[in-house]
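Quick note: the coordinates plus some simple rules give every number you see, no bench work behind them. Note that the structure is a prediction, hence the values are computed from the model and not measured. Positions of Cβ are generated from backbone atoms using ideal geometry, with glycine treated the same way; all protein chains shown enter the neighbour counts.
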Amino acid sequence: MNFLHRLGFNFSYFGSPPWDTGISPPELLDFIASHPAGRALDLGCGTGTNVVTLAKAGWSVTGVDFASRAIGLARKKVRAAKVQAKLRVGDVTRLDGIEGPFDLALDIGCFHNVEDRAAYLRTLDRVLAPGGFWLMYAFVQTPASLDGPGNGFGLSEADLELVRQPLTQLHRQDGADRGARPSAWFLYQHRKP
């Protein structure tokens, strides 16, 4: 992500970014209900809505975002909810100073914005526990068809193949966001050594 793109994300948190609904998605709530609490890492955590949700459910949570304004807002949200969580300004492709293993890595809309997806996946492989889960929401590319051109934004099939090297896909639910852009929820599991 280039400097101007990063700057735009930071400035968006002085208003109300459309992706920051303040509501944890049902896919995360379903995951929490069906898995025992452990250590969770929220990659691209924004203002911390899901960090708070996980902490309230008994998870030990670390949230990371490169937008310092978002992390500042997340700290306020965590204090207001009277929960414990670690929040860091950082690069999700490196996660400097963050050690696993994490039982859950959550990513809602971060991975599809990362330029160096291979570095992200190497870092995820380093911090995710054997048998740990990666719950991800992302925009997905659609192929060109007779009905018209495909969309070029989001994860391609090549990106998803790269993901399948260290992880096993357990579930995929395709849909669309509020703007009708193709998207999907994915649940992956880290292969045990």
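Given the rule -39500 (n - 2.57) for each run of at least 4 DSSP H residues, summed and divided by the residues of the chain, what is its mean residue ellipticity at 222 nm, to the nearest 500 deg cm²/dmol?
Theoretical 222 nm ellipticity from helices: -9000 deg cm²/dmol.
To two decimal places, what compactness ratio does the chain give when its Cα radius of gyration is scaled by 2.2 N^0.38 Å?
Ratio of Rg to 2.2 N^0.38 Å for the chain: 0.99.
I need ARG39, ARG164 ordered by Cβ neighbour count within 10 Å, fewest first.
Ascending Cβ contact count within 10 Å gives the list ARG164, ARG39.
Given 10 °C and 1.306 mPa s, how large is the Stokes-Einstein diffusion coefficient of the stretch 76-133 in µm²/s, with Rh as the Kirkwood radius over Cα pairs?
Calculated translational D: 124 µm²/s.
Using the alpha carbon gyration tensor of the stretch 58-102, what are the three equivalent-ellipsoid semi-axes (square root of 5 times each eigenvalue), largest first, in whole Å?
Sorted largest first and rounded, they come to 18, 15, 5 Å.
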